[in-house]
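A.B. asks: Quick one: the structure is below, questions incoming.
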Amino acid sequence: MDNQQALSTTATDMSTDPTLDSTTQRKLAAMIERLSSLHQSRVSTKTDLKDPSFESTKSFILLFTNSKQEIESSLTQIQQNSDTNPTLDLKPELEKISLSITELEKFVAESSYFLPPYEVRSSLKTISDLKQTLDSVTSKVKPRKKFSFKNKHAKKPETANVVTKEAIENEPEQQMSYKPKDSPGYRNKENEILIKEFKGSEIGEFVLSNLTNCEVRLKGCFRSLFIDRLQNCKIYVGPVLGSILIEQVEGCLFVVASHQIRIHHAKESDFYLRCRSRPIIEQSFGVRFAPYCLCYDGIESDLKESNLDDDTGSWANVDDFQWLRAVQSPNWSVLQERERIDTVKI
Amino acid sequence: MGLLSIIRKIKRKEKEMRILMVGLDNSGKTTIVLKINGEDTSVISPTLGFNIKTMTYDKYTLNIWDVGGQKTIRSYWRNYFEQTDGLVWVVDSSDLRRLDDCKFELDNLLKEERLSGASLLVFANKQDIQGALSPDEIAKVLNLDAMDKTRHWRIVGCSAYTGEGLLEGFDWLVQDIASRIYVLD
Ligand SMILES: Nc1nc2c(ncn2[C@@H]2O[C@H](COP(=O)(O)OP(=O)(O)OP(=O)(O)O)[C@@H](O)[C@H]2O)c(=O)[nH]1
Ligand SMILES: [Mg+2]
């Protein structure tokens, strides 16, 4: 989770929340400010051993665990009650529990700006499990609940989208899967050097798909880059204003800059990144990260134009969405300085 | 309730609407939410988990749940279905390769009984990108026309980058929900 972003999000939420009285709001505002400056100091001094956010994480866990246990024991209680007295109306009890779970969920959301990613993930999992237990208890206690739900929704009037529907029906093509045109890009190539320079003209998205043993050099700025199925390729790319999506790559080298970078199904590849937010990986292993090291005539102004001119160090803050534990994911690592390539001039 | 009462009480207030934003990762959900709330959108990380944003829109209070769309966390979407009044499905109109994936996930979602009463707004996002599909084309790819006739739905082209189309979409959604929920009282 990006602390900066989450911080501002939560701050607005709370200050505009009418259910909080002014004292609480003031306290929250003060707390947020404190956390914010702590965050800043942590960013500047990375070797802070006594992480000050520890206190709040600890109290979060305490509160969360207690609530979880309360909910669990209520659920067990309900089950026992219904076993001993099947005619008892347990609906209000179940609704209360459902509300408690929602409260707990909100609590996680509101705390997520200071929690480490691991705590967020495991709390979400716990909540998911609680809901599942609630569902199964509910269906045991009130087997006809689902039924009444259906009836309620069956009586909806049909209106609204008339205009949209007509517009679509008037189109000549009626086949099930409509095949749109392709985006600009390089596709299905082997053993080639592919060079492109984006100049002045407004370039939107660009695609690199199904390339083997290729070297790609893209100079200039553009909006977004989609990459899929690459084998043993070297990819050198100027600043991308939006995001880069990389899927199914193996044995590749990437030198890319973008606001967001998502990497899925990557194997044994190196990424030299400049990134404004946290790079993320999913279903990947053997991937290594290092800072951006590309050079061509005019790259400085391109980087500036794309607001990627300073290195925020984000390239090393990789989130592995599949790694639930607090310890370092085994799927990625930071490339040792002596193993890194030199600046590449294209 | 013990400790639970320390956690802020949430009341289902009058004129409150619960809106769930979902869609594939990278489609622009978080950017849209921050943009309509007038916040800085220059540094946004992919969402690990979810964000809740409470905002006032007309005379309604919207609770917008923005849930991460990365594949490994899509299984959590179902945690947020309960009591959803409006569903916003966000599509990256420039990501042509994953449109199949996008259709598959949307179809699954629409089968959900707990969402059967929710109004559906499809945002064909990133219209500012040259080469993005138009809302009509997106509607065709997703085969929205074949949707259950009882569903209230609409597709709107937008750009979280320029802000275009966002209010039009939310206007429709809020009006549609209001006409279903609050017309009786
Ligand atoms: N050009 C352009 N880029 C956009 C637009 N909306 C979002 N983006 C970019 O698309 C990328 C993804 O945006 P996010 O808001 O993080 O996407 P998300 O749907 O929240 O993604 P997850 O949290 O992973 O599910 C970012 O780099 C945004 O800057 C748009 O309308 N136009
Ligand atoms: Mg997001």
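The values are calculated or read from the model by the stated rules, or taken from the named source; none is laboratory data. All of these numbers come straight from a predicted model, not from anything done at the bench. Here the Cβ positions follow ideal geometry from the backbone for every residue, glycine too, while neighbour counts run over all protein chains shown. Side chains included, ligands, DNA and RNA excluded: accessible areas come from the protein's heavy atoms. Shrake-Rupley method; radii C 1.70, N 1.55, O 1.52, S 1.80 Å.
A.B. asks: Stretched out fully, how many nm does the piece from A:SER56 to A:GLU95 gain, at 0.36 nm a residue minus the Cα gap?
C.D. replies: Contour length minus Cα-Cα distance gives 11.0 nm.
A.B. asks: Along the charge dipole of the stretch A:173-345, Cβ charges K/R +1 and D/E -1, which of A:LEU303, A:VAL240, A:CYS214 sits furthest on the positive end?
C.D. replies: Toward the positive end, the furthest listed residue is A:CYS214.
A.B. asks: For labels at A:GLN69 and A:SER333 in the simple 7 Å Cα→Cβ model, what's the distance in nm?
C.D. replies: 4.1
A.B. asks: How many Cβ atoms of partner chains, on average, are near each residue of B:63-71 if near means within 10 Å of its Cβ?
C.D. replies: 3
A.B. asks: Something else about it: Under a 1.4 Å probe, what is the accessible area of the stretch A:173-345 per residue, stated in Å²?
C.D. replies: I get 45 Å² per residue for this part.
A.B. asks: With a 10 Å radius around each residue's Cβ, average the other Cβ atoms per peptide and rank A:84-95, B:61-72, highest first.
C.D. replies: Result, highest mean first: B:61-72, A:84-95.
A.B. asks: With contacts defined as alpha carbon pairs under 8 Å and 6 or more residues apart, what's the relative contact order of the stretch A:173-345 in percent?
C.D. replies: 15
A.B. asks: Go through A:LYS91/A:LYS140; A:LYS189/B:LYS29; B:LYS53/B:LYS140 and tell me which ones have a Cα-Cα distance over 24 Å in this structure.
C.D. replies: From A:LYS91/A:LYS140; A:LYS189/B:LYS29; B:LYS53/B:LYS140, over 24 Å: A:LYS189/B:LYS29; B:LYS53/B:LYS140.
A.B. asks: Relative to the longest principal axis of the C-alpha atoms of chain B, give the angle of the C-alpha long axis of helix B:99-110, reported between 0 and 90° and rounded to the nearest 10°.
C.D. replies: That works out to roughly 30 degrees.
A.B. asks: How far, in degrees from 0 to 90, does helix B:166-181 lean away from the longest principal axis of the Cα atoms of chain B, to the nearest 10?
C.D. replies: Rounded to the nearest ten degrees, it is 50.
A.B. asks: Need one number: buried accessible surface between chains B and A, 1.4 Å probe, both sides summed, DNA, RNA and ligands left out, in Å² to 100.
C.D. replies: Buried surface at the B/A interface: approximately 7600 Å².
A.B. asks: Would you grab the residues whose amide H sits under 5 Å from the one on B:ALA118? Only those 5+ places off in sequence or on another chain, please, with H modelled 1.01 Å from N.
C.D. replies: The list, which skips near neighbours in sequence, is empty: none.
A.B. asks: Okay, helix-only estimate at 222 nm for chain B: each DSSP H run of n ≥ 4 adds -39500 (n - 2.57), divide by all residues, round to 500 deg cm²/dmol; what do you get?
C.D. replies: -7000 deg cm²/dmol
A.B. asks: Moving to a separate point now. Using a 10 Å cut-off around each Cβ of peptide B:124-134, what is the average number of partner chain Cβ atoms that fall inside?
C.D. replies: 5
A.B. asks: Averaged over B:146-159, how many beta carbons belonging to a partner chain fall within 10 Å of each residue's beta carbon?
C.D. replies: For this peptide, the per-residue mean of nearby foreign Cβ atoms is 3.
A.B. asks: Let me ask something else. Where does each of A:300-311, B:29-40 land if you order them by average Cβ count within 10 Å, highest first?
C.D. replies: B:29-40, A:300-311
A.B. asks: Here's another thing I want to ask about it. Take every DSSP beta bridge with both residues inside chain B and express the antiparallel ones as a percent of the total, to the nearest 5.
C.D. replies: Close to 25 percent.
A.B. asks: Can you pull the one-decimal nm distance between simple spin-label points at B:TYR57 and A:CYS293, each 7 Å off the Cα toward Cβ?
C.D. replies: The answer from the label model is 4.8 nm.
A.B. asks: Another question, then. Among B:116-129, A:278-291, what's the highest-first ranking by average C-beta atoms within 10 angstrom per residue?
C.D. replies: B:116-129, A:278-291
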